[in-house]
Amino acid sequence: MHKSEDEVPFGREIAFHQSESTVVDVHGSHSRVLQAAHNETLAAIIYRSIQVVVFSNRFNLLIPFGPLAILVEKLTDHHGWVFALSLLGIMPLAERLGYATEQLAFYTGDTVGGLLNATFGNATELIISLYALKSGLIRIVQLSLLGSILSNMLLVLGCAFLCGGIVFHKKEQVFNKAAATVNSGLLLMAVMGLLFPAVLHYTHTEMHFGKSELALSRFSSCVMLVAYAAYLFFQLKSQKSLYVSVNEDEIQTGNNSNNDESPDISKWESIIWLSVLTAWISILSEYLVGAIEGASTSWNIPVAFISVILLPLVGNAAEHGSAIMFAMKDKLDISLGVAIGSSTQISMFLIPFCVVVAWIMGIPMDLNFQLFETAALFLTVIVVAFMLQEGTANYFKGLMLVLCYLIVAASFYVHVDSQPVD
């Protein structure tokens, strides 16, 4: 009964009630009374946790669409309905995944918090990509990951700048320019990794046709993974002071008056909810991926548009809400860590990781995302890099990024993919 709080989930609450229960021990039943109090307290904590996480947000009314998608898939052959219901069912789960990550970020700093948001925010994309890869849908893996980068950099960051700029319209919001510059450099490196296989393919300058492109992609993927690992070490260990946000500087100097926020759930509750939500998302992702081609046929919408535009709306629900919320609280460093950090993680980790996993599985996935898609990524990185170079944000910059995303979405709607899905 004297275990530390770090050893027992919810230890603080349980220990408090256990100390109260010791006064009722009268007839030698001390252990039984304590055990009953322990069970009652744990049940109360679980009930409160479910109430806070599940029933505190109206967006969670979409959660039943997930089981409904499974039911429709079992009873009918309407792939369009299965895809739509799975899409709606995953959206609140992805948002709650972001909420649980945000709660866990209360126990870390802004830098680690942004990294956690980016990591678990991308868990949906990773799960969907692995299921698509398992089904041999290489093109859907490429397009969905590309769409997530475009969505994060243009739509998520744009909405964060727009909403934050409207709330703080009388001043210009600032963020850590050095951290944004490093992320921009990594994104340009990712563009380089994707550009050379595409150029090699379209110029027909391969030394060994069909093999050099794949070999270059696998080598570049390994290099990108090493670069991302070095970036994590640089960010979290070597040059940690470089990533101290404006808000942390204000806290250290005593100029921040908005320190009254506190987490809604404990650290262990956050970790458990992250596990539960990730498992449920993985189940629905299998049905979502399996219905993509059928939905494209029944809706008469290109697979490229579904993969690049619609799928990222699911995966980026967590990033979208978190980035906007932090921007409206004048915490742009966390918003950038979520939006740009997530794009960096997808381009420098998820994409090369999928190439390596496919290599292990014997699937010939490469970094040739085709010319149109690579050009869209290159222009997006250039536009966002120019927006971030001053270290300031306002609502006009956000509006421009959102409008750029509309152009990209319209372009993919009329684009006919030159490479088959499978």
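Data for the structure
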{"quantity": "Under 22 Å from K74, Cα to Cα: lysines that are on another chain or at least 8 residues apart", "calculated": "K134"}
{"quantity": "Whole-percent carbon and sulfur share, accessible surface of segment 278-328, 1.4 Å", "calculated": "65 percent"}
{"quantity": "Accessible area per residue in Å² at 1.4 Å probe, computed on segment 285-422", "calculated": "37 Å²"}
{"quantity": "Residue-span extension gain [L406 to T76] - 0.36 nm each, minus C-alpha spacing", "calculated": "115.3 nm"}
{"quantity": "Accessible area per residue in Å² at 1.4 Å probe, computed on segment 47-182", "calculated": "40 Å²"}
{"quantity": "Gyration tensor (alpha-carbon) shape descriptor, segment 266-397, a/c threshold 1.5", "calculated": "oblate"}
{"quantity": "Under 5 Å, built H, 5+ apart or other chain: amide partners of Q173", "calculated": "A393"}
{"quantity": "Backbone HN-Hα couplings from phi across segment 322-335 [Karplus 6.51/-1.76/1.60, Hz, Gly and Pro as x]", "calculated": "5, 4, 5, 4, 5, 5, 6, 9, 6, 10, 5, 5, 6, 4"}
{"quantity": "Shape of segment 139-195, Cα gyration tensor, a/c cut at 1.5", "calculated": "oblate"}
{"quantity": "Residue-span extension gain [A215 to R48] - 0.36 nm each, minus C-alpha spacing", "calculated": "54.8 nm"}
{"quantity": "Among 145-156, 332-343, 222-233, the order from most to least packed when residues are scored by Cβ within 10 Å on average", "calculated": "332-343, 145-156, 222-233"}
{"quantity": "Dipole moment magnitude, nearest 20 debye, segment 310-422 about Cα centre, only Lys, Arg, Asp, Glu C-beta charged", "calculated": "280 debye"}
{"quantity": "Proximal lysines to K329, defined as alpha-carbon separation beneath 21 angstrom and excluding residues fewer than eight positions away on the same chain", "calculated": "K170, K171, K177, K397"}
{"quantity": "Global form of segment 326-376, assessed from the alpha-carbon gyration tensor, a/c cut-off 1.5", "calculated": "oblate"}
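The values are calculated or read from the model by the stated rules, or taken from the named source; none is laboratory data. Please read all numbers here as calculations on a predicted model, not as lab measurements. As a convention, Cβ positions derive from the backbone with ideal geometry for all residues, glycine included, and neighbour counts pool all protein chains shown. Ligands, DNA and RNA are excluded from the accessible area calculation, which covers all protein heavy atoms including side chains. Shrake-Rupley method; radii C 1.70, N 1.55, O 1.52, S 1.80 Å.
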